[in-house]
């Protein structure tokens, strides 16, 4: 059986070669191709534990790429506000730069389950912002308690990326800055041959109460 349940009637889904089906006859294509989910799955497998993993995204092209990376993981096109999984069926939930759907996360996590909420650190992509804006700003960092969850810790993760012109353009295209950058800032970026950029994340670790 699948970790997913039918998004139409909430019945359990059965995995077949190319589709998922439920007892009521609803059928859905399987995504055959994912990065963060794959990394978490591989880390947990390396610890020796049994694992079943699933991921969701609204982008079908992203799901196809994900399934190619991690064929052992289930993927579905779905919103975080309506996860196609049963109540209290999840031990670990990862939200990486996605909307915070607290009510739905509480529904699917088992009591004692872990929720990892990944957000940008203060200096995330700082060098990129220095090029794009005349007055770049630091991202705000805060610890916010959420109903139904207990804070465990906040883990900083930081590194540096040395990007050539093509990679820099790809990075810019996948950020919100692409839609709100003045033309002068975009022109400065296009003129660069490359740039060293800071990647700074904060992993907020919660436990479901």
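A few comments on the model shown:
- Qualifying residue in the stretch 3-25 (condition: at pLDDT 75 or above, within 22 Å of residue 117 (Cα to Cα), touching a strand residue (DSSP E or B) at 6+ places or on another chain (Cβ under 9 Å) and not in a strand (DSSP E or B)): no
- Consider the stretch 94-110 and keep the residues that are at pLDDT below 95 and part of a strand (DSSP E or B). The one that is surrounded by the fewest Cβ atoms within 10 Å (Cβ to Cβ) is 96.
- Test: residue in the stretch 174-184 that is more than 30 Å from residue 103 (Cα to Cα), assigned by TED's automatic domain parsing to the domain that holds residue 93 and assigned to a loop (DSSP other than H, G, I, E, B): yes
- Against the criterion of being part of a loop (DSSP other than H, G, I, E, B), modelled with pLDDT of 95 or more and touching a strand residue (DSSP E or B) at 6+ places or on another chain (Cβ under 7 Å), residue 204 does not qualify.
- Boolean, residue 201 is surrounded by 14 or more Cβ atoms within 10 Å (Cβ to Cβ), within 22 Å of residue 115 (Cα to Cα) and touching a helix residue (DSSP H, G or I) at 6+ places or on another chain (Cβ under 9 Å): no
- Filter pass, residue 91 being crowded, with 17+ Cβ neighbours inside 10 Å, assigned by TED's automatic domain parsing to the domain that holds residue 173 and out of contact with any helix residue (DSSP H, G or I) (no Cβ under 7 Å at 6 or more places or on another chain): no
Here's the yes/no breakdown for (1) in contact with a strand residue (DSSP E or B) (Cβ under 9 Å, 6 or more places away or on another chain); (2) surrounded by fewer than 17 Cβ atoms within 10 Å (Cβ to Cβ); (3) part of a strand (DSSP E or B):
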site: 117; (1), (2), (3): yes, no, yes
site: 124; (1), (2), (3): yes, no, no
site: 143; (1), (2), (3): yes, yes, no
site: 151; (1), (2), (3): yes, yes, yes
site: 157; (1), (2), (3): yes, yes, yes
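The values are calculated or read from the model by the stated rules, or taken from the named source; none is laboratory data. Every value quoted in this text rests on a predicted model; they were computed, and no experiment measured them. In this analysis, Cβ positions are derived from the backbone assuming ideal geometry, glycine residues included, and neighbour counts consider all displayed protein chains.
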